[in-house]
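Structure first, commentary second.
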Amino acid sequence: MHATKAKYISELLNTENDHLKKLNEIVLQSIEQEKLLLESIAQQGTEKLSVGQRMADKVARFGGSWKFITWFAALLVIWISFNLLIVNRDRFDPYPFILLNLLLSCLAAIQAPVIMMSQNRQEEKDRKRNENDYVVNLKAEIEIRTLHQKIDLLMQEQFKKLIESQAEQIKLLQSIIRENTKHNGNDKSKGSGQ
């Protein structure tokens, strides 16, 4: 009888270990799923760019830099100085610099759409990155909630098993006490009978 109860208590403790192993497996699966999600996000970032897209990015990068502003200001100063200081017949764009105005208008007309193409692609990348961040955050939140629920369930099961184990231990102790009392009572009756 004692062996059966001891075996039952041992099984309860083994069940607790099994629950902890299952929880460990759940956590490892969640980590593996997170890795797969991050790998798919990383693969999305390696897109193939066309020649026009690469050129638009380079123009936008150069057109929005101090290097461009410096070169452009220097070119304007040289252009204007040359056409003001040179003798009348060698001037190719006399004051009011109509040719310069035409070139500046053409440059602005070409540069603006190219920069806008680059910015639109960058906005699309930012939108995808934000969507990926949202998906990762949502998945993490769901995983955390799931883990909380599973931990709560495990805690409830462990508490239940602990109560059952304690009840069995109490029964076992009571039976040992009864047997001990019987045994001691028999010893006293034998001692008093002699």
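The values are calculated or read from the model by the stated rules, or taken from the named source; none is laboratory data. Everything numeric here is computed off the predicted structure, so don't read it as measured data. Here the Cβ positions follow ideal geometry from the backbone for every residue, glycine too, while neighbour counts run over all protein chains shown.
Could you pull out the residue among Arg91, Arg129 that is of a type in the set (Lys, Arg), over 17 Å from Lys58 (Cα atoms) and in contact with a Phe, Trp or Tyr (Cβ under 9 Å, 6 or more places away or on another chain)?
Exactly one residue qualifies, and that residue is Arg91.
Could you pull out the residue among Leu173, Leu162 that is in contact with a helix residue (DSSP H, G or I) (Cβ under 9 Å, 6 or more places away or on another chain) and assigned to a helix (DSSP H, G or I)?
Details: Leu173 fails: in contact with a helix residue (DSSP H, G or I) (Cβ under 9 Å, 6 or more places away or on another chain).
Testing whether each residue is in contact with a helix residue (DSSP H, G or I) (Cβ under 9 Å, 6 or more places away or on another chain) and assigned to a helix (DSSP H, G or I) leaves just Leu162.
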Within the range 46-79, the count of residues that are closer than 30 Å to Arg91 by Cα and surrounded by 12 or more Cβ atoms within 10 Å (Cβ to Cβ) comes to 7
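If we keep just the residues of the range 136-154 that are among the charged types (D, E, K, R) and surrounded by fewer than 11 Cβ atoms within 10 Å (Cβ to Cβ), which is farthest from Ile31 (Cα to Cα)? So that I can check it myself, show each step before the final result.
Residues of the range 136-154 among the charged types (D, E, K, R): 139, 141, 143, 145, 150, 152.
This time we only want the ones that are surrounded by fewer than 11 Cβ atoms within 10 Å (Cβ to Cβ), so: 141, 145, 152.
Numbers: Glu141: 13, Arg145: 15, Asp152: 20 Å.
Checked the range 136-154; the qualifying residue farthest from Ile31 (Cα to Cα) is Asp152.
What about Ala109, is it over 18 Å from the mean Cα position of the chain (by Cα) and small (Gly, Ala, Ser)?
Yes; evaluated as a whole, the condition is true for this residue.
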All conditions in (1) exposed (fewer than 11 other Cβ atoms within 10 Å of the Cβ); (2) of a type in the set (Lys, Arg); (3) modelled with pLDDT under 85 are true of Arg127 except (3)
